[in-house]
Amino acid sequence: MSTLSPPASAPLSSRQRWTVLAVCALGMFLVGLDTTVVNVGLPAVGRGLDTDTRGLAWIVDSYTVTLAGLLVVSGALADRFGRRRVFRTGLVVFGLASLACAAAPTLGVLVAARAVQGAGASMLSPVALAIVLGVMPEPKERARAIGVWAAVFGLSMAAGPVTGGALVAALGWRSLFWINAPVIAVALLLVARHVPESHGQRTRRIDLPGQLLLGAALFLSVGLLIEGPRIGWTSPTALTGYTLTAITTAAFVRVERRRPEPLMDLALFRRPPFTRAVLGAVAVFTALSTALLLHTLHLQEGRGWSPLAAGLATLPLAAGATLCAPWSGRLVGRLGPRRPLLLAGGFTAAGGLAMLPFGDGTHLGAAGLAHLLLAQLLLGIGFGFANAPLTHTAVGGLPPSRAGVAGAITSTARQLGAAIGVAAAGALVTGVAPTGLAGAARPGWLLVTACGLFLLTAARTTDRPPVTPPPAAARTTDRPPVTPS
């Protein structure tokens with residue numbers, strides 16, 4: 001099958017480069033879709049497997065935490081063994097795990113299969129971006145590709161609830177997982193035909209201590225959020241967990257600073273734009289995941305809506321993201337990331353505030369329904385504007401050898417934000433009666449608002465990137481550009 005692909009050294013035409021982007025974006029679409037498509041089906045999964053809100057949170061976060069923990073090491077494996085090879089392996093693992101999720105007889109099996117699914121997804125996200133950046137070395141074309149990339153990922157996240165609601169209504173909750181199989185089969189054929197093999201300019205050793213410490217820190221922090229309502233936030237078990245999380249995080253930073261080839265290049269965080277982009281990615285996906293889970297539980301459990309109706313209620317969110325994501329990419333290319341990020345923060349904060357009045361489980365009249373849909377539209381517009389400027393800020397101005405690592409860290413931040421959002425929303429509504437869900441969700445909507453305000457703050461300190469490419473001498477160095485203090 002490898003003979004069907006153009007050799008790595010052969011120059012690709014413009015049409016071939018954008019075909020590679022389309023094929024890789026298909027893999028990314030699956031990763032983003034599976035982050036949110038399950039949300040609208042969680043009540044049906046809970047009834048089918050007889051589990052509570054805490055168990056439902058683990059179904060989502062076992063995927064996102066594993067994905068976040070393995071993103072960087074998957075990128076390193078791809079640089080060493082071949083990006084197309086690892087990408088194809090990820091598709092196979094993702095597809096097989098999806099079938100295991102569809103057949104899961106118990107909650108434990110489903111959570112374990114979701115974790116394996118996250119491992120497969122980790123081989124798709126940063127690897128696909130590295131493939132795209134590798135075939136598009138020209139700065140302007142690369143900026144456009146990053147905009148399209150961010151738009152596709154944002155669309156996949158926003159389209160998840162609508163897709164999930166339709167699948168659950170028509171075929172049951174298990175269809176949320178087995179539907180991936182035919183898409184994976186098509187993606188494997190397209191990769192074999194259109195995507196060239198490539199390797200990193202300099203392969204890195206696998207940082208096993210760093211990988212173990214990163215995974216432990218993510219698992220502990222998210223696990224504490226999920227289990228907090230059950231064990232008690234100030235119980236001895238929780239206090240021990242906080243201590244272990246702090247120790248593990250400190251050990252990770254110490255190990256990474258001393259290793260010659262660390263899992264994460266912490267020197268990137270010396271660049272204020274990169275740090276703001278990473279924190280912004282956490283904020284955006286915390287807001288999105290919090291909003292989607294609270295919205296799903298509020299409408300289905302609190303108001304008795306069907307999965308399809310709850311999914312359709314997110315159509316304004318999906319529409320806002322679909323329309324604004326490519327627009328954001330064009331704005332970033334013309335004006336830089338600051339203005340799109342200001343729009344993202346403003347609309348996200350407005351959407352969170354708009355959801356605050358829903359404080360009881362009474363019937364929604366025409367005005368109430370219009371208010372709900374408007375709030376979803378505001379959130380979708382904010383999310384649509386956010387991804388392109390954050391991705392561009394993270395990887396813009398870096399040489400290819402560092403752009404891949406920066407992209408992987410930003411992707412990790414996105415998934416960490418998604419896991420935090422689900423865990424926080426689940427903690428707010430665990431053990432709450434259906435009639436009290438809307439009121440219990442109010443702190444969650446304040447969290448969404450706070451995330452939007454953080455984006456506004458980050459945007460105000462974001463400078464417009466240089467439009468012209470850097471001099472040749474600057475492009476040959478692996479050091480990040482010096483940012484004035």
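With viscosity 1.567 mPa s and temperature 4 °C, the Kirkwood radius over alpha carbon pairs of segment 58-97 converts through Stokes-Einstein to a diffusion coefficient of 119 µm²/s. Measuring r between the beta carbons of Ala170 and Thr275 and using R0 = 45 Å, the FRET efficiency lands at 0.50.
Here the relative contact order of the chain, from alpha carbon pairs under 8 Å that lie six or more residues apart, stands at 24 percent. Shape class of segment 157-282 from the alpha-carbon gyration tensor: oblate, with a/c at 1.5 or above and b/c at least as large as a/b. Segment Leu323..Leu266, full-extension length gain: 17.0 nm, with 0.36 nm per residue of separation and the alpha-carbon distance subtracted. Ranked from largest, the principal axis spans of the Cα set of segment 288-368 equal 46, 24, 23 Å.
Net length available on complete extension from Thr106 to Leu374 is 92.7 nm, with 0.36 nm assigned per residue and the Cα-Cα distance removed.
Peptides 424-436, 34-46, 343-355 ranked from most to least packed give 34-46, 343-355, 424-436, packing being the mean of other C-beta atoms within 10 angstrom over each peptide's residues.
Calculation over all alpha carbon pairs of segment 232-274 in 10 angstrom steps from 0 returns a P(r) of 25, 33, 25, 17, 0 percent. Taking label positions 7 Å along the Cα-Cβ direction at both Arg47 and Leu244, the computed distance is 3.6 nm, reported to one decimal. Note on the chain: semi-axes of the ellipsoid equivalent to its C-alpha gyration tensor, largest first and rounded to whole Å, are 34, 24, 23. Packing order of peptides 246-252, 279-285, highest average first: 279-285, 246-252 (average count of other Cβ atoms within 10 Å over each peptide's residues). For the Cα trace of segment 19-94, dividing Rg by the Kirkwood Rh returns an Rg/Rh value of 1.08. Across segment 234-320, the convex hull enclosing all Cα atoms gives 166 Å³ per residue. Per residue, segment 233-356 exposes 42 Å² of solvent-accessible protein surface, assessed with a 1.4 angstrom probe and all protein chains in place.
When the alpha carbon gyration tensor of segment 1-150 is reduced to an equivalent ellipsoid, the three semi-axes, largest first, read 34, 15, 12 Å. List the chymotrypsin sites (Phe, Trp or Tyr not before Pro) within segment 195-250 that DSSP assigns to loop and that have no more than 16 neighbouring Cβ atoms inside 10 Å. Listed in order of number, the matching sites are Trp233.
Quick check: from the Cα gyration tensor, does segment 67-201 come out rounded (a/c under 1.5), prolate or oblate? Prolate, since a/c reaches 1.5 and a/b exceeds b/c. Surface composition of the chain: carbon and sulfur atoms hold 67% of the protein heavy-atom accessible area at a 1.4 Å probe.
Please give the FRET efficiency for Arg257 paired with Leu189, using the beta carbon to beta carbon distance and R0 = 51 Å, rounded to the nearest 0.05. Result of the calculation: an efficiency of 0.70. When the surface is traced with a 1.4 Å probe over the full set of protein chains, Arg303 keeps roughly 40 Å² accessible.
Label-to-label distance for Trp233 and Thr457 is 2.0 nm, based on points extended 7 Å past Cα in the beta-carbon direction. If R0 is 22 Å, the Cβ-Cβ spacing of Ala22 and Arg334 corresponds to a FRET efficiency of close to 0.45. Return, ordered by residue number, the residues of segment 66-97 whose backbone nitrogen is under 20 Å from a label point located 7 Å along Cα→Cβ of Glu197. Once the point is set 7 Å along Cα→Cβ of Glu197, 74-93 turn out to lie under 20 Å by backbone N, inside segment 66-97.
The values are calculated or read from the model by the stated rules, or taken from the named source; none is laboratory data. The structure displayed is predicted, hence computed values, not measured ones. When we count neighbours, we look across all protein chains shown, and the Cβ atoms used for this are built from the backbone with ideal geometry, even at glycine. Heads up: the accessible areas ignore ligands, DNA and RNA and are worked out on the full protein's heavy atoms, side chains in. Shrake-Rupley method; radii C 1.70, N 1.55, O 1.52, S 1.80 Å.
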